[in-house]
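Contents: one structure, followed by commentary.
The values are calculated or read from the model by the stated rules, or taken from the named source; none is laboratory data. All of these numbers come straight from a predicted model, not from anything done at the bench. Note that we place each Cβ from the backbone using ideal geometry, even for glycine, and neighbour counts take in every protein chain shown.
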Amino acid sequence: MPTCRRKRVVLTEPSQALLQVAENNPDKDVYYLQQTGEIFETYEAYAARMSFYRLKQFQCEVTGKSGLDYFQALESEQQEAQTMHSRFPEPLKAAVLRAVQWQVVGRLDHLVEAVFDRFKDRYFADEKVYVDVQGDKFYARILHVYPPKSGPNNMDTEKQASTSTSPPVCTPEESTQIHKIGGDLKIPAKEALALDDPLKYLYKVQILEEQHDRSHEKGKLSLKEKVKWSGSVMDVQCTVMSRDRLAFSKSILRRFIRDCVDRDAAVASPWTVKEAVAKHYGVDSVMPEETRKGVENIKRGEIDKRKKAWEDKDGPPTKKQKKMTAAQEERVKALAAAAEKREREAREKAEKQKAKEEAERLAAEKKKKKPIRYPTEDLDVHVSEKDKKSGVRVKKPTPSRTLLPFSEDPATFESFLMAWNFLVVYGQPLHLSALTMDEFEHALRHSAAETPCVMLGEIHSTLIYNLRTVPFNRHSAVLSLLRMKDVLEEDHKVFGVTIEQLTAVMADVGNNWERVPLRHADLRNGWEDALLGCLKDHATTNNFPRLREILTRLLFAPETNSESSASSSSSRVSSATPQVLSIASLPSERYHSLPPADRIAILAFMCNLAVTSKAIHAHMDGCEEQLTALRKEKIEINRMKKQYTEEMNALSGEVEAKQNQTVNGAEDSMAQDLSDLSDSPSEEGSETASATSGRRKSSSRQKDLRQRAHTQAHSKQREIARAKVAAEKQAQAEYRRLDEEVNKIERRLEAIEREFRKLLGAIRVKPLGKDRFHNRIWWFDGLGSASLLGSGGVVQYGAGRIFVQGPTQMDVELMSKHDDDIDTRRQEEEGEGMLTPNEWAVYTEPEEIEEYVAWLNTKGIRELALKNAMMKWWNHIAPGMRKRLSDVNVTARLPEARRSTRVKQTSGHDISREPYMMWTNRRAVNSS
């Protein structure tokens with residue numbers, strides 16, 4: 001029966017009203033569903049039932065297929081039932097059905113197991129089985145079954161039956177008793193086996209020739225053997241017989257029983273054979289009185305068991321007790337309170353004991369941890385005492401915080417680093433030559449008005465040209481300042497200048513900045529005014545918080561020039577007291593007085609805007625395409641390298657084999673020649689042994705032949721040696737050629753790696769890696785338009801340093817969760833070099849980097865990857881750092897000489913000879 005949501009579909013029965021109408025009016029029209037035999041009085045009921053049957057929510061109960069409608073599921077069940085009934089042995093059906101009739105078994109699987117165990121060694125007449133004859137299996141049919149003879153001489157009777165030519169005759173009474181006791185599931189299995197042993201049955205079988213090909217024998221029989229056994233009749237026992245697994249197995253037996261039996265939903269209901277099936281196979285469908293009583297006893301016992309379990313769960317019903325006095329009630333309450341207190345104390349004690357045991361178990365498990373497989377999480381790696389004794393570095397070398405550019409303000413340094421990296425990485429679309437970090441720092445510190453810095457003009461001009469392509473709003477700075485005025489007080493001043501005064505002066509400066517030609521040949525004349533116009537149209541107080549202060553410094557000057565040109569002592573006083581700017585001026589006259597922090601803020605703002613320009617985006621897309629091409633080239637080059645390496649290995653092996661072969665061949669030829677010479681005179685000497693003159697002739701002839709053989713052997717050796725030398729020369733030449741090709745490929749792979757670094761740096765700058773405490777290691781050389789190698793393979797550098805950035809706040813939280821005492825460990829292993837979140841430090845010397853690499857522990861995942869990355873680029877990191885230190889030492893000056901101020905320079909130092917003043921932009925475009 002098909003199922004819907006794991007429940008059998010119950011057919012609709014005609015209503016009582018419809019049955020009464022049918023009795024009174026047999027000709028009444030009704031709606032009949034032919035597939036199920038259901039009858040409906042109205043079309044609505046018929047259509048609703050048909051719609052229900054057409055839903056794809058039914059399941060075939062036999063195969064388990066789902067997603068079918070009712071009729072498809074019913075057809076599937078019928079097909080499977082036909083297949084199953086055709087396969088299941090027909091003589092076995094009645095016996096199995098008689099065995100399962102009236103059985104009280106909870107699960108169908110348990111019933112199948114019991115039936116299979118009872119009938120797997122019991123066979124019936126007219127069954128087709130496999131018979132093992134002398135190691136080969138034949139398909140046969142059981143002609144007759146001979147039950148065991150009762151009595152003490154049972155074994156003797158069996159022996160006589162097995163050895164006699166004709167089987168014993170079985171009476172009709174005995175034939176009805178075949179497997180009757182063994183197939184009765186009411187009798188326990190051991191008792192049934194003792195009373196009705198299947199090994200004592202004898203079966204008369206006939207070999208079937210036409211069915212031989214369907215047998216499962218392992219070997220192939222000859223035609224003579226087939227003819228020998230075909231049609232023969234023999235007596236066998238169950239030990240040499242077996243059924244086809246497709247006809248009798250637990251799965252097909254389960255399907256047969258489930259198709260033929262049914263059971264009510266009540267507790268301890270027996271399995272009953274369906275009435276039509278029982279009638280067909282002659283199974284008694286009327287429950288015997290003895291069986292009925294037994295089923296009722298089982299049902300009653302099951303009900304009592306469930307009732308008892310329910311009462312035990314809810315507790316027995318309380319009996320009516322006599323009324324107690326007040327003293328008795330107090331006593332009972334006191335006893336109950338004491339019992340409750342003892343129970344609570346015992347429970348608390350048990351909980352404490354359990355918690356203690358759990359803590360001990362966790363501690364034991366922590367001690368018995370499995371051995372760590374390296375590399376692992378870096379914080380799980382600790383330096384052991386053995387490692388300390390062997391010289392492993394425990395403390396990290398301390399990076400310098402003071403040698404950072406503009407180290408007095410971390411935010412200023414980060415803006416400086418971002419601006420420099422942007423200018424270097426995108427130097428090609430900006431038409432700006434590469435500049436070192438030292439040159440950029442000195443240019444930002446340059447404040448000599450009489451000696452303008454070319455680098456500052458080129459940097460600002462290229463950014464201004466780029467920002468002309470970025471959409472902007474006219475007078476956005478003025479509008480934002482006016483909005484700020486509404487929030488502030490009327491007389492609010494910055495450097496003594498109000499917003500009204502500032503906006504009034506701004507109206508006349510920097511107009512039409514996007515059309516002003518800033519030519520390289522004219523030293524970018526007018527770039528300061530264009531810069532102010534760019535800030536007027538792009539900046540607001542929201543995206544540029546220091547806008548008002550910077551515009552005030554660019555457009556206003558102090559009252560006297562002497563104040564602005566004060567020495568370092570006066571500058572310290574002005575830092576304590578705010579400077580007053582009251583005279584309107586021009587940006588070209590005031591830019592040199594801007595502090596480096598304000599210059600960096602302007603460049604950082606312009607770089608952030610330039611990222612959105614079309615030129616930068618086009619450059620990024622071009623880098624992506626070049627990266628794709630380089631990846632393909634790298635794959636092809638690695639394939640060629642592998643091919644050349646295999647050829648070199650094969651060539652070296654072939655040369656060795658030829659050398660061994662030639663040496664062995666020469667030795668064999670020499671030995672053969674000498675053996676031939678030694679044999680020939682002995683034969684001749686034996687023939688002429690009777691005469692003395694013959695011996696003399698043979699001795700002289702033997703001598704001549706020996707000399708000739710030596711000459712031939714030497715000539716062969718010389719030919720072999722010449723061939724060997726020629727082959728070796730040819731092989732060596734081919735080997736050298738392949739080695740040169742491999743060297744060329746390796747050099748090209750190195751160049752590809754450098755190109756990869758340049759192009760990837762134009763898309764996203766990534767650190768070299770992280771150490772155990774999540775400090776990020778940055779190396780900025782060789783990115784974007786900068787190159788690691790110059791013409792002729794000369795090492796070049798951009799920053800020439802290794803920067804260390806402290807962990808983020810999230811990293812600190814993760815480390816604290818992983819190790820509660822992480823601060824103590826960091827203090828022990830980092831010391832003064834322990835960085836706070838996002839704090840920066842720097843390594844400037846190669847020896848410090850070597851000490852840092854020695855401190856890294858390769859058992860950790862992060863530090864292993866970091867060390868591999870640093871070793872990969874070490875041939876460029878160390879030379880770049882050394883070259884920077886050399887350049888710094890060459891250009892070293894006294895402190896007062898190195899300081900760039902607006903005062904007249906001393907005669908001993910020419911600031912125009914500084915490296916940053918000698919920088920030129922070779923990528924500049926002269927057109928406006």
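A few remarks follow.
- Enumeration of residues in the stretch 266-309 that are surrounded by 16 or more Cβ atoms within 10 Å (Cβ to Cβ), at pLDDT below 80 and aliphatic (A, V, I, L, M): ALA268, VAL295
- Spans of helices (runs of 4 or more DSSP H) in the stretch 405-461 with at least 2 residues aliphatic (A, V, I, L, M) and within 41 Å of the chain's Cα centre (by Cα): 410-425
- Residues in the stretch 857-868 that are within 22 Å of GLU753 (Cα to Cα) and either in the same structural domain as ILE752 (by TED's automatic domain parsing) or crowded, with 17+ Cβ neighbours inside 10 Å (or both): ARG862, GLU863, LEU864, LEU866, LYS867.
- Residues within the stretch 744-794 that are assigned to a loop (DSSP other than H, G, I, E, B), in contact with a Gly (Cβ under 7 Å, 6 or more places away or on another chain) and farther than 26 Å from LYS632 by Cβ, tallied: 4
- Scanning the stretch 229-288 for residues that are of a type in the set (Gly, Ala, Ser) and assigned to a helix (DSSP H, G or I) yields SER251, ALA276, ALA278.
Rundown of residues vs (1) out of contact with any Phe, Trp or Tyr (no Cβ under 6 Å at 6 or more places or on another chain); (2) of a type outside the set (D, E, K, R), yes/no style:
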| site | (1), (2) |
| --- | --- |
| VAL383 | yes, yes |
| ARG393 | no, no |
| LYS396 | no, no |
| GLU414 | yes, no |
| GLU439 | no, no |
| ALA443 | no, yes |
| SER447 | yes, yes |
| GLY457 | no, yes |
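- Candidates are the residues of the stretch 375-404 that are surrounded by fewer than 10 Cβ atoms within 10 Å (Cβ to Cβ) and part of a loop (DSSP other than H, G, I, E, B); the one that is modelled with the highest pLDDT is THR402.
- Of the residues making up the stretch 494-536, those that are of a type outside the set (Gly, Ala, Ser), touching a Ser or Thr at 6+ places or on another chain (Cβ under 9 Å), part of a loop (DSSP other than H, G, I, E, B) and more than 30 Å from SER433 (Cβ to Cβ) number 1.
Table: residues versus (1) crowded, with 19+ Cβ neighbours inside 10 Å; (2) among the basic types (Lys, Arg); (3) in contact with a Pro (Cβ under 7 Å, 6 or more places away or on another chain).
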residue	(1), (2), (3)
GLU753	no, no, no
ILE763	no, no, no
PRO767	no, no, no
LYS770	yes, yes, no
HIS774	yes, no, yes
LEU783	yes, no, no
GLY792	no, no, no
ALA799	yes, no, no
